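Asks: Following this message is one structure expressed as structure tokens.
The values are calculated or read from the model by the stated rules, or taken from the named source; none is laboratory data. Fair warning: this is a prediction, and the values are worked out from it, not measured in the lab. Cβ placement follows ideal geometry from the backbone for every residue including glycine, while neighbour counts extend to all protein chains displayed.
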């Protein structure tokens, strides 16, 4: 008996013993007087069993046939043991043509011990909700996630997934596996993005060292910027840095979903390499994901700005690692333990002590620029050697030079002495 049945029985027993009236009992049980009368007569005739519903603990008339239920249980245990109810229901419908509500699948999973309800998170910290941006391309949220995406297949243990999601639509715009979240993988990601979609107005990301300098020196000097910040300034794209993970919650929740769904999709497709995974993302996953989760924006406009002709030409230069070097007196300089010699034939005039920009492009090729022009150079096999200046040591000590008697200096001194003596002789 449930607590409700016990309470009803207690009230009805008091009514039978005439401790209370039927109207009072109806008020306590929140029933009509007629229902109370019927229950009283049933308890007198059949006892406490009259209060228990006849269908309790009986199988439902709408339950699944045992044969079909057994088939679902076998599939869940064999192919989808760690799938959530919703995802498992989708795969049963797509692959096995078994169409049932996720709640039905959840009940089966819970009974078979394949799934447990999650406990709701409780926090005392208050966070206000931020409204979505109104149009596609107005703001992209971007981040990277390290995870065992291939579950050890192909000998891989952990890979980095770079992803950008549109804030207005929740659309997964671009996603790709990369070796790490460093400068070159991030530059390759955004170079491909801009060539395909154009320039978004804003990019929302965290304060990872690839995107923002977090040292005390950088806080005191706002001119110190990362390579990524420098590229965004050249492209006129505004970077926004989140103060907490919750601030860019859309991309954080995206990775929670991908670490569940994408891992299982890669497993079902038997993908075990980064190259195959990137093809799968491009050809299959992104479109299916957006059809399921993307929403309509408030404004149907696309605020991506198309790249101009000049920007396309210099895009490889913008997305390169750039450093400054000073030209030596012999028109050489060093970069990454390698010496470079500027040749005589150049598109601009080069002076000693000029500061040139050394660009390391995505293909790890080196390009040198001065005043917007690319310079010609050759790689030196070793560091230029300094030519020693010969130093001669005299064998005998130098003697002071004595002018000869007919030396002009002596003649001048002798003439002056004669003038003085003749002047004195006149007195």
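Asks: Taking region 189-215, which residues are surrounded by 16 or more Cβ atoms within 10 Å (Cβ to Cβ) and outside any loop (DSSP other than H, G, I, E, B)?
Replies: 189, 190, 191, 193, 194, 197, 199, 202, 203, 204, 205
Asks: Quick one: how many residues across region 302-320 are touching a residue at least 24 places away in the same chain (Cβ under 8 Å) and assigned to a helix (DSSP H, G or I)?
Replies: Qualifying residue count, region 302-320: 6.
Asks: When the residues of region 253-275 are narrowed to those that are within 14 Å of residue 171 (Cα to Cα) and touching a strand residue (DSSP E or B) at 6+ places or on another chain (Cβ under 8 Å), which ends up surrounded by the fewest Cβ atoms within 10 Å (Cβ to Cβ)?
Replies: Start the filter on region 253-275 by keeping residues that are within 14 Å of residue 171 (Cα to Cα), which leaves 253-255, 257-258.
The next check asks that each one be touching a strand residue (DSSP E or B) at 6+ places or on another chain (Cβ under 8 Å); those that pass are 254-255, 258.
Working: 254: 23, 255: 17, 258: 20.
Here the residue is 255.
Asks: Could you list all residues from region 1-32 that are part of a loop (DSSP other than H, G, I, E, B) and within 26 Å of residue 56 (Cα to Cα)? Before the answer, list the steps.
Replies: From region 1-32, those part of a loop (DSSP other than H, G, I, E, B) are 1-2, 17-21, 30-32; that's our starting set.
Within region 1-32, 1, 2, 30, 31, 32 qualify.
Here is a yes/no grid of residues against (1) over 30 Å from residue 166 (Cα atoms); (2) in contact with a helix residue (DSSP H, G or I) (Cβ under 9 Å, 6 or more places away or on another chain); (3) in contact (Cβ under 8 Å) with a residue 12 or more places away in the chain; (4) part of a strand (DSSP E or B):
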site	(1), (2), (3), (4)
292	no, yes, no, no
300	no, no, yes, yes
322	no, yes, yes, yes
383	yes, no, yes, no
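Asks: Is it the case that residue 89 is surrounded by 15 or more Cβ atoms within 10 Å (Cβ to Cβ) and farther than 29 Å from residue 261 by Cα? Please lay out each step first, then the result.
Replies: Working: surrounded by 15 or more Cβ atoms within 10 Å (Cβ to Cβ): yes; farther than 29 Å from residue 261 by Cα: no.
Spelling it out, it is not the case that residue 89 is surrounded by 15 or more Cβ atoms within 10 Å (Cβ to Cβ) and farther than 29 Å from residue 261 by Cα.
Asks: Output the strands (runs of 3 or more DSSP E) that fall wholly within region 330-381 and possess 2 or more residues being surrounded by 15 or more Cβ atoms within 10 Å (Cβ to Cβ) and at pLDDT 90 or above, or say none. Don't jump to the end; show me each part of the working.
Replies: Values: elements: 332-335, 338-342, 355-360, 366-370, 377-379.
Because the criterion is at least 2 residues that are surrounded by 15 or more Cβ atoms within 10 Å (Cβ to Cβ) and at pLDDT 90 or above, the strands (runs of 3 or more DSSP E) in region 330-381 that meet it are 332-335, 338-342, 355-360, 366-370.
Asks: Taking residue 315 and the conditions (1) buried (at least 17 other Cβ atoms within 10 Å of the Cβ); (2) touching a strand residue (DSSP E or B) at 6+ places or on another chain (Cβ under 7 Å), which numbered condition does it fall short on, given that it satisfies the others?
Replies: Evaluating residue 315 over (1) buried (at least 17 other Cβ atoms within 10 Å of the Cβ); (2) touching a strand residue (DSSP E or B) at 6+ places or on another chain (Cβ under 7 Å) leaves (2) as the failure.
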